[in-house]
1. In this model, which of LYS85/LYS123; LYS39/LYS79; LYS9/LYS173; LYS143/LYS183 are farther than 18 Å apart at the alpha-carbon?
2. On a C-alpha basis, how far is the centre of segment 134-170 from the centre of segment 86-123 in Å? Whole number, if you could?
3. Please give the length that would be gained between LYS9 and GLN160 if that part of the chain were fully extended, namely 0.36 nm times their separation in residues minus their C-alpha to C-alpha distance (nm, one decimal).
4. To the nearest 0.05, what FRET efficiency results for LYS153 and ALA181 with a Förster distance of 30 Å applied to their C-beta separation?
5. Placing +1 on the Cβ of each Lys and Arg and -1 on the Cβ of each Asp and Glu in the chain, which of GLY102, ALA90, MET163 has its Cα farthest towards the positive end of the resulting dipole?
6. With only Lys, Arg, Asp and Glu charged, each at its Cβ (+1 for the first two, -1 for the last two), find how big the charge dipole of the chain is about the Cα centre; round to the nearest 20 debye.
7. Can you put THR122, THR168, THR34 in order, fewest other beta carbons within 10 Å first?
8. With springs connecting C-alpha atoms under 10 Å apart, model the chain as a Gaussian network and identify which of LYS143, LYS105, LYS173 has the largest mean-square fluctuation.
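Only the coordinates and a few stated rules stand behind these numbers; no lab work does. Just so it is clear, the structure is predicted and the values come from calculations on it, not from any experiment. No Cβ is skipped: glycine too gets one built from the backbone with ideal geometry, and neighbour counts run over all protein chains shown.
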Amino acid sequence: MELKGFNEKKIQERAIAILSSGRPGWDIPHTLATVYWMKELLAGEGGDGPVLICAAYLHDIGYSQVEFANNWDGIHQAKNDHMAKGAAMAAGLIKDLPLTEGQQKEIVHLVEVHDKLDMLSTKNEILLFEADSLGQIDNERAKSTFKGKDLEKFLYLFKQRRMPRFATASGKKFLARLWPAAKKSFS
């Protein structure tokens with residue numbers, strides 16, 4: 001996909017290089033799944049492709065800079081740190097891309113708030129939330145690294161906290177398609 005004058009490959013390569021230092025077996029496939037779902041959401045809902053594709057690639061880069069136990073509790077405790085550190089990293093990674101100052105600020109903002117579920121309200125925030133959430137349960141593109149009780153907790157909280165927040169018609173359609181298979185294959 002062309003993002004206004006540069007190839008998507010540039011931001012993808014930058015993100016993958018950083019994500020390789022993040023959560024083993026999860027950050028790269030989850031990010032690629034999130035980007036896939038972002039493109040699907042953009043096709044159905046419209047939006048600023050360069051901003052949302054970049055934000056999808058960069059949304060979890062902060063995990064590469066945060067100390068945490070690789071289990072549900074450790075990752076959950078690292079959520080705020082990964083967003084703050086990821087936003088700071090994203091600002092540097094996109095400076096030379098052909099984006100307006102407003103687009104750059106929006107990408108940084110999206111990385112900084114994407115897991116603050118109670119605060120998400122703009123179209124871009126909702127689209128990144130939905131793409132990220134779909135990327136979390138897309139077991140074909142990103143196999144969960146959670147096991148046992150951690151997996152049970154993830155599924156329970158996904159159903160309680162994330163599912164009710166889906167707002168777009170496309171997101172709801174994709175969620176209805178993915179959730180039964182995810183629940184079955186993760187169980």
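1. From the list (LYS85/LYS123; LYS39/LYS79; LYS9/LYS173; LYS143/LYS183), the Cα-Cα distance tops 18 Å for LYS85/LYS123; LYS39/LYS79; LYS9/LYS173.
2. For segment 134-170 versus segment 86-123, the Cα centre distance is 23 Å.
3. Details: separation 151, 0.36 × 151 = 54.36 nm, distance 3.55 nm.
Extra length from LYS9 to GLN160 when fully extended: 50.8 nm.
4. It comes out at approximately 0.95.
5. Highest projection toward the positive end goes to MET163.
6. 620 debye
7. Fewest-to-most Cβ neighbours within 10 Å comes out as THR122, THR168, THR34.
8. Most flexible of the set in this elastic network: LYS173.
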